[in-house]
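Please read the structure below before turning to the comments.
The values are calculated or read from the model by the stated rules, or taken from the named source; none is laboratory data. Here the structure is a predicted model, which means the values were calculated and not measured. A quick note on method: Cβ atoms are made from the backbone with ideal geometry, for glycine too, and the neighbour counts reach across all protein chains shown.
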Amino acid sequence: MLVTAIDHIYLTAPSGSEDKIREFYGEVLGLNEIPKPPQLADRDGLWFDCGNLQLHIGTEAAPGNAYSSRHIAFRVSDLDAVRATLTDNGYAIEEDSAPLEGRRHFYCRDPLGNRIEFVETIEEKRLKTGDWMTKPELLQEYEIADGDIERVAVSTDGRWLAVGTSVEDDSGETASIRIWRFGQADSPEVEIEMAASVWEMAFSPNGREFAALSADGSLETWRIGDFESEQFTELPEGSEGLAYSHDGGLLAVGAGDRVKVFRPGLDELQTIRPGLGTIHALAFDAQNTLAVSGEAARIQLWQVRPVQLSSWEVLGHEAPAAQLCFNPVQPLLAALTRDGDVLLWDINTGPEDPQLVSDMGDANALAFSPEGSLLAYGGDDARVTLWDWSAQQAVAHIEAHAAVLTLTFSPDGAHLIAGCDDGRVRVWKVR
């Protein structure tokens, strides 16, 4: 195939309208403005980052946009929220008389007359509690010969399973990242030797890259597929916390007592100084709100697209949060504290009044299911609990055979993956 992807979208606007462009696309829609290349810097117009491509808006004398049906379509996670934002800012909504199967959408005109479509995909089947297996089935085990399992991650397309390990300084073992084709447990497809223990790692949601943060402060990204190293930078030793935004357009990483926010390719966008001491954990929600926890018993929420220089806080926990996880659908934030407790906040209604999910004091890992109905957590008791947060009850308990150190779901929600302290990664069918 000669064409491999769409690189950017180009729209037009009347000459001298940059302020209106910036107000609508930057302030109302929250797109991140990016600089034009030096050779184009003297031209009118603005460029914006849209995650996996760019939006270029140029100017001309009389573009005639108001009379054209040509348009671009933005995919959104909450169509009603977008509708409310546009309406509150005085933009008229144009409903479509021909609904599309599996999606909701509407149109509006930007201040320059361009027709813009907003699309939200509708899941054909919403999972109910009854869809989850009360006795999950153990399907596979992946064995790690050297080091302790620190993190597991699955790529967005469900193709790759990555396992990062940590080692003791005097053990003589080598920390590594092993990557299997998910479902083929015989031997890893890729083995990457690391200079220090792997503390954090994740696949980007847009399928472009894989990132890992090591104990020595090394932050590195690899291209997904052949897993060739692409970018590398050094952060303070002992840095913790790594999270991609929902669209993969931003990567937030703890850097000592600060948070570095990068665009793709480790292009640094900004530095956040939360004042929480050393950063422990980070998580993005679907609206690009970044949750940050550190040594203090507070969790801060920062809006990073568009950038805001202030934050608000989530309270009600006595010990610092060691792990954070946003519900993919609902405004819920889960936290695992240094005391091993699992807490759940409704950000909209109770940011200072968390629900205590587990106070056993031995939890080490937690993860939301992809459609958001369940919260999984596990720990030193060698058991994983699948918790229905809306019904406030356990759906299933899984015997993990060893202490659970890290958890994740497959992208389709059909499998739960646990890294255990006996050097094995176990995969269960859970629905």
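As a summary of the residue check, SER239 satisfies the conditions (1) out of contact with any Gly (no Cβ under 8 Å at 6 or more places or on another chain); (2) crowded, with 22+ Cβ neighbours inside 10 Å except for the one numbered (1). Considered as a group, the residues in segment 167-187 that are buried (at least 16 other Cβ atoms within 10 Å of the Cβ) and β-branched (Val, Ile, Thr) include one that is farthest from the chain's Cα centre (by Cα), and that residue is VAL167.
Only one entry of GLY30, GLY58 meets the criterion of being surrounded by 14 or more Cβ atoms within 10 Å (Cβ to Cβ) and assigned to a loop (DSSP other than H, G, I, E, B), and that entry is GLY30.
Could you please let me know if ASN288 is over 17 Å from GLY350 (Cα atoms) and assigned by TED's automatic domain parsing to the domain that holds GLY256? I'd like the intermediate steps shown before the answer.
Details: over 17 Å from GLY350 (Cα atoms): yes; assigned by TED's automatic domain parsing to the domain that holds GLY256: yes.
Spelling it out, ASN288 is indeed over 17 Å from GLY350 (Cα atoms) and assigned by TED's automatic domain parsing to the domain that holds GLY256.
Could you please let me know if ASP380 is within 27 Å of ALA402 (Cα to Cα), at pLDDT 90 or above and surrounded by fewer than 16 Cβ atoms within 10 Å (Cβ to Cβ)? Criteria not met by ASP380.
Results for (1) modelled with pLDDT of 85 or more; (2) in contact with a helix residue (DSSP H, G or I) (Cβ under 9 Å, 6 or more places away or on another chain); (3) in the same structural domain as GLU209 (by TED's automatic domain parsing), shown as yes or no for each residue.
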| site | (1), (2), (3) |
| --- | --- |
| GLY16 | yes, no, no |
| GLU23 | yes, no, no |
| GLU27 | yes, no, no |
| GLU33 | yes, yes, no |
| GLU60 | no, no, no |
| SER68 | no, no, no |
| ARG109 | yes, yes, no |
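The single residue among PRO188, PRO236 that is assigned to a loop (DSSP other than H, G, I, E, B) and under 21 Å from GLN323 (Cβ atoms) turns out to be PRO236.
Exactly one residue out of ALA414, ALA394, ALA402 is out of contact with any Leu (no Cβ under 6 Å at 6 or more places or on another chain) and at pLDDT 95 or above: that is ALA402.
Out of the residues in segment 189-207 meeting the condition of being in contact (Cβ under 8 Å) with a residue 40 or more places away in the chain and surrounded by 19 or more Cβ atoms within 10 Å (Cβ to Cβ), tell me which one is farthest from SER245 (Cα to Cα).
The initial filter retains those residues of segment 189-207 that are in contact (Cβ under 8 Å) with a residue 40 or more places away in the chain, namely 197-207.
From what's left, surrounded by 19 or more Cβ atoms within 10 Å (Cβ to Cβ): 197-204.
Details: SER197: 24, VAL198: 21, TRP199: 19, GLU200: 15, MET201: 14, ALA202: 11, PHE203: 11, SER204: 8 Å.
It comes out as SER197.
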